[in-house]
Amino acid sequence: MKRIEAIIKPFKLDDVKDALTGAGIIGMTVTEVRGFGRQKGHTEMYRGNEYTVDFLPKMKIEIVVPDSVADRVVGLITAAARTGSIGDGKVFVAPLDEALRIRTGERGDSAV
Amino acid sequence: MTEATRRTLHWRIIAALVVACLLAVGGWVFAQDKPAAPAAAQAAAPAPPPSKPDPGGTATGGVADVTAKTAGKPTLEEVADFSGHNRVSINLMWTLITGFLVMFMQAGFALVETGFTRAKNVAHTMMMNFMVYAIGMTGYWICGFALHMGGLGAISTMGGTGLLDSEFAISLFGKDFGLFGMKGFFLAGSTYDVAVFALFLFQMVFMDTAATIPTGAMAERWKFSSFVVFGFFISMFTYPLFANWVWGGGWLSQLGKNFGLGHGHVDFAGSSVVHMVGGVTALAGAMVLGPRIGKYNKDGSPNPIPGHNIPMGVLGCFILAFGWFGFNPGSTLAGSDLRIAVIAVNTMLASASGAIFAMFYMWKRYGKPDPSMMVNGMLAGLVAITAPCAFVSSFWAFVIGAISGVLVCWAAVFIETVMKVDDPVGAIAVHGVNGAWGVLSLGLFSDGTYGDGFNGVEGTVRGLFYGGASQFVAQVIGTTTCFVFIFAASWGFFKVYDLVFGVRVSPEVELEGLDVPEMGVHGYPEVQGPATLVHAMGLSTPKAPAMSMTPERAR
């Protein structure tokens, strides 16, 4: 199993969700997060004073998938979340030891 | 049949039954009406009140409605009596209704001030705006009104009753300088009178507008207990004294009669009396309080602390702009004075140009049209036109608003970056600076079409550009007096109170947010978690631990 974590622009969430559900992914967890990368935030004005927005709002999607489909899912997320401009986000993939479905007690691939 | 379709069918049947009932009842009512009309026409001959319907409205009201000994045949004296009573009725009604509109401005202030401050202080900021209405009214009833209006003399638009006839004055240079009134304490005794009560209502909501202005500049760090004492202080002493000098027959209003300076200090609806008093009090209070933690860096440069709810601020601004149709046109104290049309149009024009010029100024200077500054711009236009609204043409009204729109943006930044006074909502720039600009603009642009006999001086009110240089001098004296007296009295009050009891919350309370430590409840509990969680962190001790909520119950 692989655990895929994607940090994307908030307004791209629907596109990514549609792409994944269309490809048969049946579950995901989404969190509103803030952070910065190479872009290092940006500056705004409020009542004549400049201020730096260090931590920009992003969406974090977490999904767990069998090893066999991980590459395809990463491809789908990348394609759906890309705008081509700065701040599009990142995708991280990590191996996962175990998954357990609380209601039924199933384990492994059948639990996700 | 599924559950969903059954429910749809159910609602359709109910809707059909309701429509059928309406049609049946309506049809019956109209059917009843038909035979009634010819019957009334037949019986029309001598019986006076005709009972036939008047859908056009032209026949309702007539000679039979004039109170007379012989019904339908009033004498000339009876007609004159009746028309005088009508005139006063219209004026009294107008004064009351516009007063009700001004009362609603409290809601506007509450929304603007709360929207432009942070979520952790909403309950505290809201309740200052709420309680100032109740506290201010009480203080004004006890002695504020008496000091303010006790020596007014005859209320000419409301029957001319001269019940408020006692002014304390000192004699200087052979002239009387009225300082405060001495009649109308608790509205008791001989001031138990309809005209006096109408005047009280109208003047009380004006005083409350001034009293609620400092709560914005002093928000997010002011101790609630200190605010309560302040509410009595401004409504019982500072506001009534200055208002007496301008509106109660006091010495500033007599500058014209005594020293030939135009019509004396003229302030039609309160740019100085209401707004500048509020703004200058706010300045003194914010200076004694000091800036919010985190507002200024070590090198003195300011950090912006954005408000938490822009829609709330904008809605508040619209409510204020609506209430201003009571504030300015109501200040005629007369619905029979048709100048109210000019006043109302001037008021709205200045609000428009204020917002437009604030928008363009911020856009050009800082890159984007700042929402909170556009709101401040509209309010600044309204504040500035409040004094001259009755005396200027629509062109000058637009210009006065336009200048105030730029002035408020410049002043807000100046107060923050140069004077280092932290005013979260821009109250000092909006009400203090533009209040001063408003009364001065009256001394420049008044065109001499209105105000004959104002403050007991013959002739209309003319500004500097219309041949009235001495009027401008009177305006300068009034503005200076307002600043010096109100700043000194308010600064003294806040400073002494601070030394004895303290006006500011502790840094721990300020950082946590004033809602729970000061008021015992979060304004937005679902966002910030139940109050008991904060108590559990040891920042304050819960009085009743049995009330602690699980997360489910909190929701």
Problem - Selection within the range B:113-152 - buried (at least 24 other Cβ atoms within 10 Å of the Cβ) and assigned to a loop (DSSP other than H, G, I, E, B) - result: B:116, B:117, B:150, B:151, B:152
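Residues checked against (1) within 14 Å of chain A (Cβ to nearest Cβ); (2) among the charged types (D, E, K, R):
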site	(1), (2)
B:241	no, no
B:267	no, yes
B:271	no, no
B:276	no, no
B:286	no, no
B:290	no, no
B:296	yes, no
Exercise for the section: Evaluate the following for residue B:201: is it hydrophobic (A, V, I, L, M, F, W, C), surrounded by 24 or more Cβ atoms within 10 Å (Cβ to Cβ) and touching a residue at least 60 places away in the same chain (Cβ under 8 Å)? Expected result: no
Practice task
State all residues of the range A:50-65 that are within 25 Å of residue B:362 (Cα to Cα) and in a strand (DSSP E or B); if no residue qualifies, say none.
Solution key: A:50, A:51, A:52, A:53, A:56
Exercise for the section: Run residue B:425 past the list (1) assigned to a loop (DSSP other than H, G, I, E, B); (2) more than 14 Å from chain A (Cβ to nearest Cβ) and report the number of the one that doesn't hold. Expected result: (2)
Completion exercise
Of the residues in the range B:436-448 that are of a type outside the set (A, V, I, L, M, F, W, C) and assigned to a helix (DSSP H, G or I), the one that is nearest to residue B:273 (Cα to Cα) is B:438
Problem - So residue B:310, is it hydrophobic (A, V, I, L, M, F, W, C), farther than 30 Å from residue B:171 by Cβ, touching a helix residue (DSSP H, G or I) at 6+ places or on another chain (Cβ under 8 Å) and within 14 Å of another protein chain (Cβ to nearest Cβ) - result: yes
Exercise for the section: Go through B:110, B:24, B:45, B:36 for me and flag whichever is at pLDDT below 75 and either within 30 Å of residue B:313 (Cα to Cα) or loosely packed, with under 11 Cβ neighbours inside 10 Å (or both). Expected result: B:45
Problem - Top-ranked residue of the range B:472-529 - restricted to ones that are among the polar types (S, T, N, Q), under 30 Å from residue B:447 (Cβ atoms) and touching a residue at least 24 places away in the same chain (Cβ under 8 Å), ranked as surrounded by the fewest Cβ atoms within 10 Å (Cβ to Cβ) - result: B:481
Fill in the blank from the handout: Per the filter on the range B:69-84, residues surrounded by 11 or more Cβ atoms within 10 Å (Cβ to Cβ), within 29 Å of residue B:156 (Cα to Cα) and not polar (S, T, N, Q) are B:74, B:78, B:79, B:80, B:81, B:82, B:84
Exercise for the section: Determine whether the range B:410-418 contains at least one residue that is surrounded by fewer than 24 Cβ atoms within 10 Å (Cβ to Cβ), away from chain A (no Cβ under 14 Å) and under 14 Å from residue B:286 (Cβ atoms). Expected result: no
Exercise for the section: Give B:227, B:237, B:168, B:185 a once-over and let me know the one that is within 30 Å of residue B:293 (Cβ to Cβ) and surrounded by fewer than 24 Cβ atoms within 10 Å (Cβ to Cβ). Expected result: B:227
Practice task
Return the residue satisfying two criteria in turn: it lies in the range B:338-379 and is away from chain A (no Cβ under 14 Å) and β-branched (Val, Ile, Thr), and of such residues it is nearest to the chain's Cα centre (by Cα).
Solution key: B:347
Problem - Extreme residue, nearest to residue B:270 (Cα to Cα), among residues of the range B:145-191 that are of a type in the set (Phe, Trp, Tyr) and at pLDDT 95 or above - result: B:145
Fill in the blank from the handout: Scanning the range B:449-467 residue by residue, the ones that are out of contact with any Leu (no Cβ under 9 Å at 6 or more places or on another chain) and in a loop (DSSP other than H, G, I, E, B) total 10
Handout entry: Residues (surrounded by fewer than 22 Cβ atoms within 10 Å (Cβ to Cβ) and either closer than 23 Å to residue B:211 by Cα or not β-branched (Val, Ile, Thr) (or both)) located in the range B:385-409
Key = B:393, B:394, B:395, B:398
Problem - Which listed residue is over 24 Å from residue B:412 (Cβ atoms), polar (S, T, N, Q) and assigned to a helix (DSSP H, G or I), from B:272, B:331, B:336, B:253 - result: B:331
Exercise for the section: Search the range A:7-49 for residues being assigned to a strand (DSSP E or B) and within 14 Å of chain B (Cβ to nearest Cβ), and hand back the single one that is modelled with the lowest pLDDT. Expected result: A:42
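Yes or no, residue by residue, for (1) in contact with an Asp or Glu (Cβ under 8 Å, 6 or more places away or on another chain); (2) loosely packed, with under 14 Cβ neighbours inside 10 Å:
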| position | (1), (2) |
| --- | --- |
| A:18 | no, yes |
| A:33 | no, yes |
| A:39 | no, yes |
| A:43 | yes, yes |
| A:47 | yes, no |
| A:55 | no, yes |
| A:71 | no, yes |
| A:102 | no, yes |
Handout entry: Odd one out for residue B:453, checked against (1) within 14 Å of another protein chain (Cβ to nearest Cβ); (2) over 15 Å from residue B:284 (Cα atoms)
Key = (1)
Exercise for the section: Please work out which one of (1) surrounded by fewer than 15 Cβ atoms within 10 Å (Cβ to Cβ); (2) at pLDDT below 95 is the condition residue A:111 fails and give its number. Expected result: (1)
Completion exercise
Scanning the range B:306-350 for residues that are closer than 16 Å to residue B:105 by Cβ and among the small types (Gly, Ala, Ser) gives B:313, B:316, B:321, B:323, B:326, B:330, B:331, B:344
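The values are calculated or read from the model by the stated rules, or taken from the named source; none is laboratory data. Treat the numbers as computed from the prediction; the structure is a model and nothing was measured. Don't worry about glycine lacking a Cβ; one is built from the backbone with ideal geometry, like all the others, and counts go over all protein chains shown.
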